[in-house]
Structures are given as C-alpha cells and as structure tokens.
Amino acid sequence: MEPMDQPVAIGGTMEGDKEIREIKMEHLNKREAGNSRLISRIAQMAFSDFHVSEQVKAVRSFPYFGMNKLAPLSAALMHTLRWLDHTLQGIGPKHLQAYLNHQSFVFNIAKKGLESCALLASFMCDKR
C-alpha cells in the first residue's frame, strides 16, 4: 500500500448475484486493515460485525476488485474511487468518510428512486 492509499471496505444488500439494493462504504483504520492492497481478515470481520444484521443468512467478502460473483459491488466501489480521483484529484483520510457516505447515499437513493417518489407522492396526497 502506498503512503497516500486509504483502505476502504464496501458492503451491500444484494438480491441474487446481480442486483444491489443498498450499499455502505467505510474508510478503515490503516493499522487494522493491514499494509497490503488486500484488507486483512480482521478488518473484514469488524466491518461485517458492525454493519450486518444477525438475521442475514449469508455474508460473502472479496478482498480485491472484479470478483465475478460480486462484480456489481466491485463496480460501485470502482465508480466511487474514479469519482474521487477525477473530481477531487484524490483525497486524504480526513474527509474521506464524508465523501464515501455521500456516494453511498446517492447510490442508495438512485436505487430506491421510484419507491421514494411513490412514498413521497402518497404522503403528499394524505396531507391534503
């Protein structure tokens, strides 16, 4: 890992192997994540323990980009990393989590867009 590289974990709620319903990205502590480009198993487990509900039946992790089974999740992370690189010309650790939260929010709202619009419309109709 280069000195300026920052470890990031991504998790998602998926339907099957292709459809992502929701994502969460988190900037990890470098000491916990390890010094290689692959995130340590301890950091992966800590992320899962904190963000995954106990009712979830299966949890899969991938330590590198492009794993075929989880390609949509990898693509969402790559999109975010490209956005950070092209828009901000890279970013340090201080504000990284805020931008990861923003990108997760935008992705999640886009996925739920139609549901959210219908909910908002029904809420507005009920107020009249």
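Each of Asp5 and Glu32 was given a label point 7 Å from its Cα along the Cα-to-Cβ line. The distance between the two points is 2.0 nm. Full extension of the segment from Val52 to Glu19, taken as 0.36 nm per residue of separation minus the current Cα-Cα distance, would add 10.1 nm.
Here, each number is a calculation from the coordinates, and none is a lab measurement. The model shown is predicted, which means the values in this text are computed figures rather than measured ones. Every residue, glycine as well, gets a Cβ built from its backbone with ideal geometry; the counts of neighbours run over all protein chains shown.
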